[in-house]
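Report on one structure; see the data block that follows.
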Amino acid sequence: MFEMAPEIVALLFGAAVLAGFVDAIAGGGGLITVPALLAAGVSPVAAIATNKIQGSFGTASATYTFWRKGQIDFALLKWPLLATVTGAVLGAIAVSFVDTTWLMVLLPVLLVAIALYFLFGPKASDQDVAARMTPLAFGAVAGGIGFYDGFFGPGTGSFFALALVTLLGMGLTRATAHTKALNFASNVVSVVVFAVGGHVLWAIGLLMA
């Protein structure tokens, strides 16, 4: 059983609160929680798996809120959701079999690269424009992002939002609403796969949730 000092648990709780706030606005809370879990001594795969617990609760809450406001078109998301779930399952299975030593070296590099991209990358508009592809074709993109979420995770919400803006022509607010539904789906199926593999630290994950 993985044990932590009370002060480490308190810091993880604080990191999760901050991550939840960031996720509700624009996504990318995993850029806070995954490094926090790694710093607490959690193995890379367990950190990714446990992060999905708090991610699932956060995206579920945001998805419900946006749905209640009528801002999510689930008919439009039919194929992207199916592709996202499939990709997330494959990604979570893949990361369960990789060398964690290699992951420990790769994760900090990925985290820095993602943070730099969102800091200096293009800024999205809130105005809807003409879509560049159909929802069915967008499913291929959603499946790739879903795989990334199952395999790693941080920045997934921002990737979904950026893809919805640039490829489906959604304004940023509408894209954010649909992002939550896609991200919730990928989080939940990833949790199931990681739980079957015994990688989830439930007590820490639920506290952070």
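Read-outs: derived from the displayed coordinates by stated rules, not from any lab. Quick caveat, the model's predicted, so the values are computed rather than measured. Glycine also receives a Cβ, built like all others from the backbone with ideal geometry; neighbour counts cover every protein chain displayed.
Quick one: putting +1 on the C-beta of Lys and Arg, -1 on the C-beta of Asp and Glu, what dipole do you get for the chain around its Cα centre, in Debye to the nearest 20?
Details: 8 positive and 8 negative charges, 102 e Å.
Using Cβ point charges on Lys, Arg, Asp and Glu, the chain gives about 500 debye.
Just add up the charged neighbours of Trp67: K/R +1, D/E -1, any other residue whose Cβ is under 12 Å from the Cβ of Trp67. Neighbourhood net charge equals +2. Of the DSSP H helices in the chain, those that are both long (alpha-carbon extent of 24 Å or more along the helix axis) and hydrophobic (Kyte-Doolittle mean at least 0.0) are 6-25, 44-68, 78-95, 100-120, 172-196. Sorting the Cα pairs of the chain by distance into bins of 10 Å, from 0 upward, gives 9, 37, 37, 14, 2, 0 percent per bin. Modelled spin-label separation between Val105 and Leu206, with each label point placed 7 Å from Cα along the Cα-to-Cβ direction: 3.8 nm.
Modelled this way, with points 7 Å down the Cα-to-C-beta line, the labels at Ala113 and Phe74 are 3.6 nm from one another.
Report D for region 130-209 in µm² per second (integer): Stokes-Einstein, Kirkwood Rh on Cα pairs, 37 °C, 0.692 mPa s.
Numbers: Rh = 13.5 Å.
Once the numbers are plugged in, D ends up at 243 µm²/s.
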